[in-house]
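Heads up, the thing below is written out as structure tokens.
The values are calculated or read from the model by the stated rules, or taken from the named source; none is laboratory data. The model shown is predicted, which means the values in this text are computed figures rather than measured ones. Virtual Cβ from ideal backbone geometry, glycine too; neighbours counted across all protein chains shown.
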């Protein structure tokens with residue numbers, strides 16, 4: 001969490017296939033980190049802890065989110081797959097246009 005605060009609520013799928021909360025919501029304060037993994041229930045919902053101010057959090061992913069299928073869920077258990085719209089084209093183009101730094105040998 002960078003600035004402000006956010007609530008993070010975990011969910012688990014019950015025997016009927018619906019999602020239900022998994023424990024109490026966690027309140028993240030500046031400097032705090034929450035780690036999630038597909039191997040240990042990463043279905044969660046985050047929300048701003050404040051009604052009257054902006055909160056800023058940084059999300060770091062362990063994969064190229066521009067190519068990996070992820071999902072959003074409804075509480076009824078339905079799933080919608082998506083791939084984030086991230087594109088590294090500008091950085092790749094710039095890398096080919098900028099002169100190299102350091103020594104380069106062909």
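For residue 88, the conditions (1) modelled with pLDDT of 85 or more; (2) over 18 Å from residue 19 (Cβ atoms); (3) over 17 Å from the mean Cα position of the chain (by Cα) are fulfilled apart from (1). Summed over the range 1-14, the residues that are loosely packed, with under 15 Cβ neighbours inside 10 Å and either touching a helix residue (DSSP H, G or I) at 6+ places or on another chain (Cβ under 7 Å) or farther than 15 Å from residue 76 by Cβ (or both) give a count of 2. The listed residues are 47, 55, 37, and the only one of them that is without any contact (Cβ under 8 Å) to a residue 40 or more places away in the chain and farther than 15 Å from residue 73 by Cα turns out to be 37.
Residues that are exposed (fewer than 10 other Cβ atoms within 10 Å of the Cβ) number at least 2 in the following strands (runs of 3 or more DSSP E) confined to the range 15-87: 79-82.
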